[in-house]
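The values are calculated or read from the model by the stated rules, or taken from the named source; none is laboratory data. Fair warning: this is a prediction, and the values are worked out from it, not measured in the lab. Here the Cβ is made from the backbone with ideal geometry for all residues, glycine too, and neighbour counts use every protein chain on show. Ligands, DNA and RNA are stripped out before the accessible areas are found, and what is left, the full protein with its side chains, is counted by its heavy atoms. Shrake-Rupley method; radii C 1.70, N 1.55, O 1.52, S 1.80 Å.
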Amino acid sequence: MSTRKLLSTTHFHPIPLIVRNSIQLVQNCTTPPNPPFIPKGPSVLATTLIKSYFEKGLIREARTLFDEMPERDVVAWTAMIAGYTSCNNRTHAWMVFCEMMNEELDPNAFTISSVLKACKGMKCLPYGRLVHGLAIKHGLDGFIYVDNALMDMYATCCVSMDDACMVFRGIHLKNEVSWTTLIAGYTHRDDGYGGLRVFRKMLLEEVELNPFSFSIAVRACTSIGSHTFGEQLHAAVTKHGFESNLPVMNSILDMYCRCSCFSEANRYFYEMNQRDLITWNTLIAGYERSNPTESLYVFSMMESEGFSPNCFTFTSIMAACATLAFLNCGQQIHGRIIRRGLDGNLALSNALIDMYSKCGNIADSHQVFGGMSHRDLVSWTAMMIGYGTHGYGEEAVELFDKMVRSDIRPDRVVFMAILSACSHAGLVDEGLRYFKLMVGDYNISPDQEIYGCVVDLLGRAGKVEEAYELIESMPFKPDECVWGPFLGACKAHRFPNLGKLAAHRILDLRPNMAGTYVMLSNIYAADGKWGEFARLRKLMKRMGNKKETGRSWVEVGNHVYSFVVGDEVGSKIEGIYQVLENLIGHMKESGYVPDLDCLVYDLEDGT
DNA sequence: GTAGGGTTAG
């Protein structure tokens with residue numbers, strides 16, 4: 001498009017001032033600058049501006065400018081597709097691509113690789129295949145960027161890696177990106193062995209290694225939990241001179257954390273010559289999974305070193321508060337999240353629902369859930385688990401039905417949540433209905449854990465024989481996920497013979513579980529079999545097997561008080577026994593009769 | 001003037 005044509009619309013000018021000024025600048029240049037000045041056409045200027053708008057997140061401005069361009073070439077269209085994709089707006093990227101096709105413009109390799117990235121982001125295989133067809137039609141397959149993007153799309157959208165591998169095999173001159181994309185494809189679907197196989201082939205074929213190939217290979221080691229392979233790669237990273245590359249260092253740190261090698265992780269962290277926010281987040285997330293108190297300590301260190309937490313940091317911290325039941329701390333961080341305007345983040349909101357629920361504040365979980373503009377499967381599951389653990393079975397059932405009406409397909413975890421909620425609220429028929437729905441309508445085959453939930457549902461309600469019939473009908477050998485709740489039901493509802501059977505099945509599978517011995521000995525005691533009771537307790541002593549002591553803690557003011565049975569916590573927290581007495585009073589009024597038999601036996605054991 | 005692979009959360 002000529003400058004004259006553009007300027008002819010000056011009176012009702014649709015082009016933004018900045019472009020007009022640039023054009024003016026070009027026009028006013030009487031002496032060409034040195035080096036020789038090549039005036040750019042308006043389409044070039046507008047395209048550059050579109051790209052920079054997207055880089056700044058100014059999506060609407062980019063679109064307005066694009067709509068006002070009198071002539072739009074393939075580069076401008078591609079800039080729009082790539083821009084929308086980079087701002088996670090893949091649907092619009094796809095719509096722009098369709099619009100471009102309708103205008104019968106020929107895409108180039110840039111267009112195809114950009115739109116494939118959008119298909120990958122949408123996890124939409126039919127669109128991806130359509131673009132693959134168009135690439136062939138326009139003779140663009142064979143361009144390395146297109147082939148690599150096709151691999152990436154197939155690796156992300158397909159159930160298997162077959163299509164991605166087929167594209168990979170067809171690439172005549174593979175580059176480093178082709179190899180890394182294939183390794184990432186395997187690794188991101190949790191097939192670390194597949195990823196490492198490709199990496200090994202890459203070594204054998206003497207393809208040049210770069211930091212990208214190392215960080216994804218380290219991630220593959222992490223996904224299989226092999227710190228042995230991880231350490232070998234760590235040595236290889238040093239040998240290749242990439243030990244100062246931050247993303248590589250971060251993936252090594254993550255590997256040590258996820259393989260539970262915390263002394264190595266800690267040493268590595270302190271030896272790192274540079275750290276970024278991801279480094280800190282990796283260590284915080286690593287500790288959150290195994291030692292939440294330490295993760296809070298690392299968080300305070302991070303802040304004292306001047307790093308500002310982001311959504312990732314806060315999500316880990318919320319999970320730590322949830323595990324530790326630190327309501328005060330969680331509330332303070334929630335305040336900071338709101339002040340920072342991060343409360344719209346989906347993962348963070350999900351973590352908040354979980355934190356409030358685990359800290360006993362289900363009303364605030366509900367408030368966070370209700371205030372979310374967008375919810376995913378995790379949001380619904382977290383809320384349902386919260387209702388379940390607080391005994392709100394009816395609310396959990398309502399939520400499940402609402403979720404299905406919102407077109408969200410329940411998965412195995414949601415069914416576990418609803419079954420557990422029904423179980424704790426005594427909603428046996430409802431629970432069984434969901435079990436049938438899961439198998440019949442959603443085609444989810446029940447596994448050990450699901451069977452465990454249904455056994456628990458029946459067992460808690462006293463339907464111990466029905467639970468046993470279900471176990472007998474299982475198509476595979478039940479494990480401790482099934483026998484565990486069954487044993488609990490036998491003890492609670494006094495079915496000593498079935499209880500003994502369950503306990504022996506668990507001991508066959510896990511001979512060192514002290515809790516099972518305690519349960520079994522209590523069943524014998526309740527049945528008056530004192531000889532068996534004494535034999536088991538002696539056996540436990542000989543084995544040096546001790547049940548882990550149950551510990552409780554309560555947050556008062558800024559302190560967390562932790563105690564076991566018999567601790568004189570009352571002297572530390574004034575009024576705690578008064579609260580306990582009030583609670584016991586309420587429980588008695590509600591008709592609760594404590595199981596004093598078991599209490600005596602447990603005290604004897606000191607647990 | 002437009003396109004690629006790697007590290008952190010749920």
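Looking across segment A:415-450, the residues that are over 26 Å from the mean Cα position of the chain (by Cα), among the aliphatic types (A, V, I, L, M) and buried (at least 20 other Cβ atoms within 10 Å of the Cβ) come down to A:Ala425, A:Leu427. Within segment A:51-76, the residues that satisfy the criterion of being near DNA strand B (Cβ under 8 Å from one of its atoms), of a type outside the set (D, E, K, R) and out of contact with any Pro (no Cβ under 8 Å at 6 or more places or on another chain) are A:Val75, A:Ala76.
Residue-wise test of (1) out of contact with any Asp or Glu (no Cβ under 6 Å at 6 or more places or on another chain); (2) part of a loop (DSSP other than H, G, I, E, B); (3) open to solvent by 60 Å² or more (accessible area, probe 1.4 Å); (4) modelled with pLDDT under 75.
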{"position": "A:Gly531", "(1), (2), (3), (4)": "yes, no, no, no"}
{"position": "A:Met540", "(1), (2), (3), (4)": "yes, no, no, no"}
{"position": "A:Glu555", "(1), (2), (3), (4)": "yes, no, no, yes"}
{"position": "A:Gly566", "(1), (2), (3), (4)": "yes, yes, yes, yes"}
{"position": "A:Asn582", "(1), (2), (3), (4)": "yes, no, yes, no"}
{"position": "A:Gly585", "(1), (2), (3), (4)": "yes, no, no, no"}
{"position": "A:Gly591", "(1), (2), (3), (4)": "yes, yes, no, no"}
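Within segment A:361-377, which residues are free of Cβ contacts under 8 Å to residues at least 24 places away in the same chain and aliphatic (A, V, I, L, M)? Those that are free of Cβ contacts under 8 Å to residues at least 24 places away in the same chain and aliphatic (A, V, I, L, M): A:Ala363, A:Val368. Among residues of segment A:191-203 that are surrounded by 15 or more Cβ atoms within 10 Å (Cβ to Cβ), those with a beta-carbon under 8 Å from a residue that is of a type in the set (S, T, N, Q) and assigned to a helix (DSSP H, G or I) at least six positions away or on a different chain give the pairs A:Asp191/A:Ser223; A:Gly192/A:Thr222; A:Gly192/A:Ser223; A:Gly194/A:Thr187; A:Gly195/A:Thr187; A:Gly195/A:Ser223; A:Phe199/A:Ser213; A:Met202/A:Ser213. All of (1) in a helix (DSSP H, G or I); (2) out of contact with any Asp or Glu (no Cβ under 8 Å at 6 or more places or on another chain); (3) under 21 Å from A:Ser423 (Cβ atoms) hold for A:Gly462 with one exception: (1). I'm trying to understand the selection: among the residues of segment A:358-404, which are open to solvent by 50 Å² or more (accessible area, probe 1.4 Å), among the charged types (D, E, K, R) and within 15 Å of DNA strand B (Cβ to nearest atom)? Residues satisfying the conditions are A:Lys358, A:Arg375. Only a single item in (1) more than 24 Å from A:His132 (Cβ to Cβ); (2) more than 11 Å from DNA strand B (Cβ to nearest atom) is not met by A:Met202, and it is number (2).
Considering each residue of segment A:64-85 in turn, none proves to be under 31 Å from the mean Cα position of the chain (by Cα) and loosely packed, with under 15 Cβ neighbours inside 10 Å. Between A:Leu134, A:Leu182, the distinction of being open to solvent by less than 50 Å² (accessible area, probe 1.4 Å), in a helix (DSSP H, G or I) and within 29 Å of A:Gly225 (Cα to Cα) belongs to A:Leu182 only.
Among the residues making up segment A:137-151, a single one is among the charged types (D, E, K, R) and open to solvent by less than 60 Å² (accessible area, probe 1.4 Å): A:Asp147. Looking at segment A:345-395, the helices (runs of 4 or more DSSP H) lying wholly inside it that each contain 1 or more residues that are more than 21 Å from A:Leu327 (Cβ to Cβ) and of a type in the set (Ser, Thr, Tyr) sit at A:377-389.
If the condition is being more than 17 Å from A:Met272 (Cβ to Cβ), more than 14 Å from DNA strand B (Cβ to nearest atom), surrounded by fewer than 17 Cβ atoms within 10 Å (Cβ to Cβ) and not β-branched (Val, Ile, Thr), then segment A:206-235 contributes A:Glu206, A:Gln232.
Only a single criterion out of (1) within 41 Å of the chain's Cα centre (by Cα); (2) assigned to a helix (DSSP H, G or I); (3) modelled with pLDDT of 75 or more; (4) within 29 Å of A:Ala525 (Cα to Cα) is not satisfied by A:Leu599, namely (3). Which residue pairs have Cβ atoms under 7 Å apart, sit 6 or more places apart or on different chains, and have a first residue in segment A:518-538 that is farther than 19 Å from A:Ile506 by Cα and a second that is surrounded by fewer than 15 Cβ atoms within 10 Å (Cβ to Cβ) and at pLDDT below 80? Every condition considered, the pairs that remain are A:Ala526/A:Asp597.
Only one of the listed residues (A:Arg169, A:Arg60) is within 20 Å of A:Leu182 (Cα to Cα), open to solvent by 30 Å² or more (accessible area, probe 1.4 Å) and part of a helix (DSSP H, G or I). That residue is A:Arg169. Looking only at residues in segment A:106-131 that are in a helix (DSSP H, G or I) and away from DNA strand B (no atom under 14 Å from the Cβ), the one that is surrounded by the fewest Cβ atoms within 10 Å (Cβ to Cβ) is A:Pro126.
Residues that are within 10 Å of DNA strand B (Cβ to nearest atom), touching an Asp or Glu at 6+ places or on another chain (Cβ under 7 Å) and within 30 Å of A:Ile408 (Cα to Cα) occur at least once in segment A:320-332. Taking (1) within 25 Å of A:Val177 (Cα to Cα); (2) surrounded by fewer than 15 Cβ atoms within 10 Å (Cβ to Cβ) in turn, A:Glu103 satisfies each apart from (1).
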